[in-house]
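J.: I have a structure I would like to understand better, so I am pasting it below and will then ask my questions one at a time.
The values are calculated or read from the model by the stated rules, or taken from the named source; none is laboratory data. This one's a predicted model, so the numbers in the text were calculated from it and none came from an experiment. Using ideal geometry, Cβ is built from the backbone for each residue, glycine included, and neighbour counts are taken over all protein chains shown.
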Amino acid sequence: MKSRVPKVLHALGGRPMISHVLDLVSALDAEKTFVVVGPGMESLADQVSPTPTVLQPEQRGTGDAVRVADSALRGYDGDVLIVYGDTPLLTKETIARMLEARHAAANPAIIVLGFQPDDPAEYGRLVVAADGMLEQIVEYRDAGADERALPMCNSGVMVVDGSVLFDLVSELDDSNTKNELYLTDIVSLARRRGLGCGVIEGSEDELLGINTRDQLALAEAIYQDRLRDAALAAGVTLQAPDTVWLSADTKFGIDVVIEPNVFFGPGVKIGDNVTIRAFSHLEGAVVATGAVIGPYARLRHGAEIGAGAKVGNFVEVKNAVLGEGAKANHLAYLGDANVGAGANIGAGTITANYDGFKKSHTEIGAGASIGSNSVLVAPVTVGEGAIVGAGTVITQDVEANALSITRPEQKSISGWAIRKRERESGDADKKKE
C-alpha cells in the first residue's frame, strides 16, 4: 500500500477493512475470535479491541500465522474458520455454504473456498480429483505449466476441523521458493492421512484481496454497488445511483429521496420522507422525518436536523441542533448551536463559535428570526420570538420577543451621486487635454 498505516486499517465504505471481516465473524456467532498481528502493529490491536490478538513474532507465511494461534485454541475441536483481514468483501452466505459442506455426509476435514477469475494471474491453483475431492493446493511460484493451466484458484479462506488443524500445521516445512510455511500445504498432508478435503466456489468480486491502492479502489466500487443495491431494495430513491457515495453504517428510513452527487460519510442516520438534494455532503449527522437538505449543504459531526427542518444551499452545520421546522435556507454557518423550533436563519448568518482558544455555544430560541449577514458571537442567547436585524453583530443576550440591531443609522446625502459623476467626468476631460 506504500503507507505507514497497516494495510487492513485502510478504509472501505468508511470503515477499516479489518472491521468488515470482524463483522462477518460476529454475524456467524463464532465461539472464539482471534486476530493474528505482526510486531509493531499496536494500532491494529487497538482497532480490533476487545477482540484478542495473537502475536506472530516472525512473519514466516500463512501456516506460521495459524501456528501461533495454537496456544489460544489448544484443545478446541470445533470448526476453525481462517479468513484474511485484506479480504473484506466476503459474505456470510458463502461462509455458511462452507460450514454446511464441512458437515456433509463425507465429513471432510478441510473445506477450501475457491474461485475462477477471468485472469488467474499468480493465484495458487486447486488440484481437484475427478470425484470432486480436493487433492492439493499449489502456489503459483511452485506450480508447473499443467497446474498453472487449472481454472480453480485458491482464495486462502478455509474451514478446518479443529481436532486436526494444529497437528497438520505442526508438519509444515519451508521447502518452497519463498522459504515460508504455507497453510495451503495442510491439504496434501490431510490427504496423506486419508482425510477428506473439499472445495466450495465463490465469486471473484467477493474474494478480491486488497494489496494495492488500485485494488482498494476496485473493492470500494464493488462495495458501493452493494450499498446502493441494499438502499434501493429498502425503498430509498436514488435518482442517479452511481453518483451517490455511501458508508457502511449509513441508515435510511422509508420514502427517502437522494438526488445526484450526494456523499454520506460515517455515522449518518436519515429519517422517513427526507429529501437530500444534489451535491450535499453529510457525515456524523442525524436528519429527522420530512427534513430537506441541500442542494450543496454540508452537515458535519454532531448535526441534528429536526422534523420538517430545512438546510439549504451552501449552509454548513456542525455540532448543532435545528429544531422542528427551523430553516437555514442559504449561505450560513451554524456551529455549536441550538436553533429552536420554527426559527429562521437569514442568508449570510454565522455563529462565531471559536475565539482562538475555545469553542462556545449559541442558543437561538423557538420562532426567532435572525436577519441576513448577522454574526452571533458565542456564548450568546437569542430568546424565543426575538428578531435580529440584518447586518447585526450580537455580543450580548437578546431577550425574548425583542428586536436587536447594532448597525449604525442609515444616512443619505441627496444629489451626491450626480456631483460625483460630474467631478469624475471633468477630471477625465482634463486628462485628455
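J.: For the range 180-200, enumerate the residues that are in a loop (DSSP other than H, G, I, E, B) and either touching a strand residue (DSSP E or B) at 6+ places or on another chain (Cβ under 6 Å) or touching a residue at least 40 places away in the same chain (Cβ under 8 Å) (or both).
T.: E180, L181, Y182, L195, G196
J.: Just one of V199, V262, V256, V236 is of a type in the set (V, I, T) and closer than 30 Å to L165 by Cβ; which is it?
T.: Of V199, V262, V256, V236, the one residue that is of a type in the set (V, I, T) and closer than 30 Å to L165 by Cβ is V199.
J.: Would you pick out the residues in the range 273-332 that are assigned to a strand (DSSP E or B) and among the aromatic types (F, W, Y)?
T.: Hit for the range 273-332 is F314, nothing else.
J.: Moving on to the next point. Out of curiosity, is S203 outside any helix (DSSP H, G or I) and over 14 Å from the mean Cα position of the chain (by Cα)?
T.: yes
J.: When residues of the range 1-45 are filtered for being assigned to a helix (DSSP H, G or I) and either of a type in the set (G, A, S) or within 18 Å of the chain's Cα centre (by Cα) (or both), how many remain?
T.: Here the count works out to 16.
J.: What number of residues in the range 325-346 are surrounded by 19 or more Cβ atoms within 10 Å (Cβ to Cβ) and in contact with a His (Cβ under 6 Å, 6 or more places away or on another chain)?
T.: Of the residues in the range 325-346, 0 are surrounded by 19 or more Cβ atoms within 10 Å (Cβ to Cβ) and in contact with a His (Cβ under 6 Å, 6 or more places away or on another chain).
J.: Ok, one more. Under 15 Å from G312 (Cα atoms), among the small types (G, A, S) and assigned by TED's automatic domain parsing to the domain that holds G308, is that true of A368?
T.: no
J.: Within the range 154-169, can you find the residues that are in contact with a helix residue (DSSP H, G or I) (Cβ under 9 Å, 6 or more places away or on another chain) and farther than 17 Å from R191 by Cβ?
T.: Within the range 154-169, G156, V157, G162, F166 meet the criteria.
J.: Within the range 46-56, which residues are surrounded by 13 or more Cβ atoms within 10 Å (Cβ to Cβ) and either within 23 Å of the chain's Cα centre (by Cα) or touching a residue at least 40 places away in the same chain (Cβ under 8 Å) (or both)?
T.: Q47, V48, T51
J.: Which condition does V311 not pass, out of (1) under 24 Å from G391 (Cα atoms); (2) surrounded by fewer than 19 Cβ atoms within 10 Å (Cβ to Cβ); (3) not charged (D, E, K, R), if it passes all the others?
T.: For V311, the failing item is (2).
J.: For the range 393-409, check the following and say yes or no: at least one residue is under 19 Å from H330 (Cα atoms) and either touching a residue at least 12 places away in the same chain (Cβ under 8 Å) or within 40 Å of the chain's Cα centre (by Cα) (or both).
T.: Yes, some residue in the range 393-409 is under 19 Å from H330 (Cα atoms) and either touching a residue at least 12 places away in the same chain (Cβ under 8 Å) or within 40 Å of the chain's Cα centre (by Cα) (or both).
J.: Let me ask you something else. Please work out which residue is surrounded by the most Cβ atoms within 10 Å (Cβ to Cβ), limiting yourself to the range 104-123 and to residues that are over 31 Å from the mean Cα position of the chain (by Cα) and modelled with pLDDT under 95.
T.: Among them, the one singled out is A106.
J.: Which is outside the structural domain of V256 (by TED's automatic domain parsing), modelled with pLDDT of 95 or more and not in a loop (DSSP other than H, G, I, E, B), of D242, D146, D229?
T.: Checking each option against the conditions leaves just D229.
J.: Determine whether the range 92-108 contains at least one residue that is among the charged types (D, E, K, R) and part of a loop (DSSP other than H, G, I, E, B).
T.: No, the conditions are met nowhere in the range 92-108.
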